[in-house]
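*Asks:* Next up is a structure, given as structure tokens.
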Amino acid sequence: MQSDRGEIERVVIVGGGTAGWMAAAAMSRYFDNGRRTITLVESDAIGTVGVGEATIPPIVSFNRMLDIDENAFLRATRGTFKLGIEFVNWGKVGDRYFHPFGSYGQDLHGIPFHQLYLREAARGEPGSISDYCMSCAAAAQRRFGRPQPGAQSLVSQIGYAFHFDASLYAKFLRGMAERQKVVRREGKIAQVHRDGESGDVLSVELESGERIEGDLFLDCSGFRGLLIEETLETGFEDWSQWLPVDSALPLPTANTGSPDPFTRATAHGAGWQWRIPLQHRTGNGHVFCSDYMDADEAERILREHVEGEALADTRLIRFKTGMRRKAWNHNVIALGLSGGFLEPLESTSIHLIQNGIARLFALFPDRPINPLERSEYNRGMRDLYEDIRDFIILHYKATQRDDTPFWRYVANMDVPDSLAHKMELWRLHGRVFRENAELFNITSWIAVMLGQNMVPRRHDPIADTLDEAKVAAAMRQMRAAYADTAARLPSQEDFLRRAGAWAEESEAPAMMAAAR
């Protein structure tokens, strides 16, 4: 019998998949003190939502934190590099722009580069702002180079993330976690037992009758929210008035060429289509609003716009955009889909898991859990969700499309005050300010707003203090340097093969066994 006070010794993770095994791998690496046990409960009979994942740059740090060899990880997950996202048909039908990882140009005398770009754009034709970004230049030529710490080359300005097969990533992490003494229990949970006085979860009971007791529970059970919602009735904050898409149809296809080092998001009549290139296949899917399009029409459009032979049937996934009112309630923390859902337009799903884990590490509790630490966790997760929410809403609001009822609705909808404030500051003098620890940097906001034709009324007057001829010459040099550097890089596939990160077909069975 345990004392009522002391350290958290028994951590129970409910659900596997990407969220469960990310948590298990991280916790078993950093919280194994010889006394703590980490148990993960999942059932092979319950499927996962994962259909292939695109990520954002913080995943690189997460993998390094776990001491994962990047090339081995890419082989095991059939992964590719991602330099950013290409957006098609978002501002207007026929428009195309790139949201890069990395930065634009170089500031001159402390003046932000984008202000100089806006000044030059008003005077003539300095090209696209994407011409002044290493990640954009490499993506445009379908090339890749891995930045080296401390290197002076422009390649060091490349920012990157990954595309990978989510099921293979979960298996890769499972192998790591189990080597680090995580105990996996197979079975469906039939009942949840709570303390009658505190309301905390005491244990989960499997259909076999086995009870698994814990001090802290991580709910990774997906949309269902077995602990956070079905048991604790935490409540859900619905954001579908701003983000009305509520359905997705995934469809993997065979590759028709070497994989591109970027994700593509193509807007259609009532939503958008993703394209995620992996080593062994291409992930596709149509995210749409069922109020404006039925599933049959959505599937027809998807099949008309994919390349390559379909490798599976479509399956309809329904969702509601929003978040739990509390990510941490009693002694339960929701990670992944159990904590909320923001459509995958900016590839933030895995980052929300990663951030939730990191935030737990920073606020890891004792028994009994202090409400102040729990409240701080919930405040931080809400800030992150709302930050991502606003950035995704921007893609819909900043459109000139009026060709369908869906686009007319999102173009004219009211948006959260926090987003309206950012948009108006941009419209005045092209200014963007980050507050607190916002996920998306200034480059990201600029990419979407300029990419979707939101041109400020005027640039910042401070940009006029620099000599016109010198600025124009500097910009010409930058543009040429980025293009020339990109031209010398290998194709992504060549890079992966040379690095030993490409999985040959003959290796696949062995890698799958190792991942287990």
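*Asks:* How big, on average over all directions, is the shadow cast by the Cα convex hull of segment 247-318, in nm²? Walk me through the intermediate numbers first.
*Replies:* Details: hull surface 17.6 nm².
Over every viewing direction, the Cα hull of segment 247-318 projects on average to 4.4 nm².
*Asks:* Next up: Filter the cross-link list Lys171/Lys326; Lys397/Lys422; Lys92/Lys397 down to pairs whose alpha-carbon distance in this structure exceeds 22 Å.
*Replies:* Lys171/Lys326
*Asks:* Would you mind counting up the charge near Pro244? Only other residues with Cβ under 14 Å from its Cβ, with Lys and Arg at +1 and Asp and Glu at -1.
*Replies:* That works out to 0.
*Asks:* Let me ask another. For the residues Asp402, Asp390, what sequence is obtained by ranking on other C-beta atoms within 10 Å, fewest first? Show your work: numbers first, answer last.
*Replies:* Numbers: Asp402 11, Asp390 23.
Fewest-to-most Cβ neighbours within 10 Å comes out as Asp402, Asp390.
*Asks:* Find the relative contact order for the chain and round it to a whole percent, using C-alpha pairs within less than 8 Å whose residues are 6+ positions apart.
*Replies:* Numbers: 982 pairs, mean separation 119.9, N = 516.
That works out to 23 percent.
*Asks:* Note down the relative contact order for segment 247-318 as a percent, whole number, built from C-alpha pairs under 8 angstrom at least six residues apart. Write down the numbers at each step before the final one.
*Replies:* Working: 133 pairs, mean separation 31.9, N = 72.
With pairs under 8 Å counted, the relative contact order is 44 percent.
*Asks:* If you don't mind, there's one more thing I want to ask. So which cysteines in the chain don't have a second cysteine's C-beta under 4.7 Å from them?
*Replies:* Cys220, Cys289
*Asks:* Extension gain Ser418-His305, at 0.36 nm per residue separation less the Cα-Cα distance, in nm? The partial results should precede the final answer.
*Replies:* Working: separation 113, 0.36 × 113 = 40.68 nm, distance 3.54 nm.
Gain on extension, Ser418 to His305, equals 37.1 nm.
*Asks:* Here is a further query. Can you tally the net charge around Leu226? Count Lys and Arg as +1, Asp and Glu as -1, for every other residue whose Cβ sits under 14 Å from the Cβ of Leu226. Please list the in-between numbers first.
*Replies:* Working: positive: Lys188, Arg194, Arg224, Arg324; negative: Glu42, Glu205, Glu207, Asp219, Glu229, Glu230, Glu233.
Here the count lands on -3.
*Asks:* For segment 219-266 and segment 277-314, what is the separation of their C-alpha centers, rounded to whole Å?
*Replies:* The distance from the Cα centre of segment 219-266 to that of segment 277-314 comes to 15 Å.
*Asks:* Going by a ≥ b ≥ c, the root eigenvalues of the Cα gyration tensor, does segment 183-236 fall in the rounded group (a/c under 1.5), the prolate group (a/b larger than b/c) or the oblate group? Don't skip to the answer; put the middle values down first.
*Replies:* Details: a/c = 1.78, a/b = 1.20, b/c = 1.48.
It is oblate, given that a/c is not under 1.5 and a/b is not larger than b/c.
*Asks:* Is segment 159-282 best put as rounded, prolate or oblate by its Cα gyration tensor, with a ≥ b ≥ c the root eigenvalues, rounded for a/c under 1.5, and otherwise prolate when a/b is larger than b/c, oblate when not? Write down the numbers at each step before the final one.
*Replies:* Working: a/c = 2.95, a/b = 1.59, b/c = 1.85.
Verdict is oblate for segment 159-282.
*Asks:* Still on this structure, please answer the following. Express as a percent, rounded to the nearest 5, the fraction of DSSP beta bridges in the chain (both residues included) that run antiparallel. Before the final figure, lay out the partial values.
*Replies:* Details: 49 of 69 bridges.
Of those bridges, close to 70 percent are antiparallel.
*Asks:* Would you give the gap between the C-alpha center of segment 23-46 and the C-alpha center of segment 460-482, rounded to a whole Å?
*Replies:* 53
*Asks:* Another question, if that's okay. Tell me the mean residue ellipticity at 222 nm calculated for the chain from its helices only (DSSP H runs of n ≥ 4, each -39500 (n - 2.57), averaged over every residue, nearest 500).
*Replies:* Mean residue ellipticity, 222 nm, calculated: -11000 deg cm²/dmol.
*Asks:* How long is the gain from Arg123 to Glu297 if the chain were fully straight, where each residue apart is worth 0.36 nm and the alpha carbon distance is subtracted?
*Replies:* Gain on stretching Arg123 to Glu297: 58.1 nm.
Since every read-out is calculated from the coordinates, none of them should be taken as a lab result. None of these values were measured; they are calculated from a predicted model. Glycine gets a Cβ as well: all are built from the backbone with ideal geometry, and neighbour counts include every protein chain shown.
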